[in-house]
Amino acid sequence: MAEIRKQRLLGIMIPQSLDGEGATLADVIDVCYILGQSCSSTGLIYAMHQIKIACIVRHANGSAALETIMRRIASEQLLLASSTTEGQAGGNVRSSDAAIERDGDQVTLNRKATVISYAVEADGIVTTARRAGDATVSDQVLVVLMKADYTLERLQVWDTLGMRGTLSEGFTLRAKASAQQILADAYEKIHVQTMVPYAHLLWGAVWAGIAAAATARAQAFIRHVARQSSGQMPPGAAHLTECVTSLRTLRGVLASALRDYESAVADEKALTSIEFQSMITLTKVQVSELAVAAVLGALRACGLSGYRNDTEFSIGRYLRDVLSAPLMINNGRILANSATTSLMTPLPASIGD
């Protein structure tokens, strides 16, 4: 993260008029893919930060307070964490118990967050909340809080199989801030138009990076064994082919989803259509499963050398980290929630449709 700040990567999506670089979504996807190959946790932290940045950039609507925050993020290279899950709701980000309480131009919020990744290390937190005490759980807003605006009380620690560096601990978040730090657009709109597409594409890029790194290690192992046996391919070579195929398909799914989003991003009707929302949601399922398949293929290609932790061909960390992919917003939840949409979606009449 120190190197990321040194390279000024935290504010690259902020417009140049606000001291950022005005980078595109495709640019950020490439950064996430590269980071994912080197350190899964770093890649995921960076992806989560940029998802929040995208929400602020796309939905600030000229707010002077939010523009000031964006300038600070770009100039000071500040890191934003995300708090969108709460209490027993778990992965249901479209439900909030904690409500915004207004006192003139000030607002307060007390929220028990299931997890806030890298919360202690972050310079700010972007959180969902009910619009008011009498609002329904799905009538939500998105609030941008800087470090001086809140306190954290740790509720649970982070002791996991993989992605250990994200430090996704649980906290009670208590905040007092300016009402101008609430994004004007309803979270329902932000969620559909920005949060979900950016999350699935940027997370997917990180998972693709993990799969690519594991594939590269499997290639190195097969080459090593082949050189030692006068060019004869080891049994694991077949699994390498499967691994490369999974990675190629994964990258293709991501590239296709990015093209679809870029073509629809200026058309609110297209963005909110059943077909687009189904596609972008199921992209997460496809990419996460393909990433796991690719890393498992790399492990099989390397055999015992990949299973061991003390060889240059170890796949252990890649496997532990990538296994989190189907669990982040559980794939089972997504598929169950998408069942009705699947029934309503007409099947294409031809391959080109």
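Computed quantities for the displayed model
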| item | result |
| --- | --- |
| Some residue of segment 39-48 being in a loop (DSSP other than H, G, I, E, B), assigned by TED's automatic domain parsing to the domain that holds S168 and crowded, with 17+ Cβ neighbours inside 10 Å | yes |
| 2 or more residues in contact with a Cys (Cβ under 9 Å, 6 or more places away or on another chain) and of a type outside the set (S, T, N, Q): qualifying helices (runs of 4 or more DSSP H) within segment 256-334 | 274-302 |
| Conditions (1) surrounded by fewer than 19 Cβ atoms within 10 Å (Cβ to Cβ); (2) under 27 Å from P235 (Cα atoms); (3) among the hydroxyl-bearing types (S, T, Y): number failed by T272 | (2) |
| Test: residue in segment 193-204 that is more than 18 Å from H49 (Cβ to Cβ), modelled with pLDDT of 95 or more and either of a type in the set (K, R) or in the same structural domain as L258 (by TED's automatic domain parsing) (or both) | yes |
| R317, sole failed condition from (1) under 18 Å from G204 (Cβ atoms); (2) modelled with pLDDT of 95 or more; (3) under 20 Å from the mean Cα position of the chain (by Cα) | (1) |
| Qualifying residue in segment 131-152 (condition: among the small types (G, A, S) and crowded, with 17+ Cβ neighbours inside 10 Å) | no |
| Strands (runs of 3 or more DSSP E) enclosed by segment 135-183 - at least 1 residues per element that are outside the structural domain of T194 (by TED's automatic domain parsing) and farther than 16 Å from K52 by Cα | 150-156, 168-178 |
| Any hit, segment 157-180, residues being under 24 Å from the mean Cα position of the chain (by Cα), surrounded by 14 or more Cβ atoms within 10 Å (Cβ to Cβ) and under 30 Å from E268 (Cα atoms) | no |
| Condition met for R259 (among the basic types (K, R), within 30 Å of F313 (Cα to Cα) and surrounded by fewer than 17 Cβ atoms within 10 Å (Cβ to Cβ)) | no |
| Tabulated pairs, segment 247-266, first over 17 Å from G36 (Cβ atoms), second loosely packed, with under 13 Cβ neighbours inside 10 Å, C-beta under 6 angstrom, 6+ apart or interchain | none |
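The values are calculated or read from the model by the stated rules, or taken from the named source; none is laboratory data. Here the structure is a predicted model, which means the values were calculated and not measured. For neighbour counting, all protein chains shown are included, and Cβ atoms are generated from backbone atoms with ideal geometry for every residue, glycine included.
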